[in-house]
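Shown next, in structure tokens, is the structure this report addresses.
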Amino acid sequence: WQKPHTDKYRIIKDFGNDYSKMVLIYGITPQHLEQPLTQDWQLTSVQDTVAGMRCYQATTCYGGRNYVAWYNPDIPISDGPYVFAGLPGLIVKISDDQNWYSFTLKRMNLKPHVRFWNNYFILSASTPVSREVFVQTMKERKENPKMPGLIGQEPEEVRIQRKKGFKKRFDLLLEQNH
């Protein structure tokens, strides 16, 4: 099973080695960002019900944004959406303090299934880059999206349409605009 996607990168979490990789999928020069898997969480005693579950609040800062997460310690999975992980339970909801980005658990399937995995998510030629280079590359791609295989041949009206579409997309990078 693989979730349909519209993004241009993948998050790969390696829990055994405590790091994640953000891999640019459709780039001319394949690159990836490696970073520690867990964030610096501040746990609170605040409780709420999210998706019908008793959850606790935690906060962190990532990419220049402050996030509030709700996790359920009764589900002993130290994971969550996007790059977020490292709490003593499953993150069922997380959003930044300006509500630009919000992830909420909609449902869980506890039936075992075979997970689909494609190794092409990380090309062997992919090079690790710094966070600054990765962020700059993503911003450039958003400002000037190019269609691989059509570089230099892409009609101007197609390029303009792609740029308009990319301006509306916030999934390309959750970094605070600098």
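Here, each number is a calculation from the coordinates, and none is a lab measurement. This is a predicted model, so every value here is computed, not measured. Every residue, glycine as well, gets a Cβ built from its backbone with ideal geometry; the counts of neighbours run over all protein chains shown.
What does the charge count near Ala51 come to, summing +1 for each Lys or Arg and -1 for each Asp or Glu among other residues with Cβ under 9 Å from its Cβ?
Result for the neighbourhood of Ala51: +3.
Going by a ≥ b ≥ c, the root eigenvalues of the Cα gyration tensor, does the stretch 10-91 fall in the rounded group (a/c under 1.5), the prolate group (a/b larger than b/c) or the oblate group?
Because a/c hits 1.5 or more and a/b exceeds b/c, the stretch 10-91 counts as prolate.
Using the per-residue mean of other Cβ atoms lying within 10 Å as a proxy for protection, in what order, highest first, do the peptides 129-137, 77-85, 98-106 fall? Numbers along the way, then the final one.
On the way: 129-137: 14.6, 77-85: 18.6, 98-106: 12.4.
Highest mean packing first, the order is 77-85, 129-137, 98-106.
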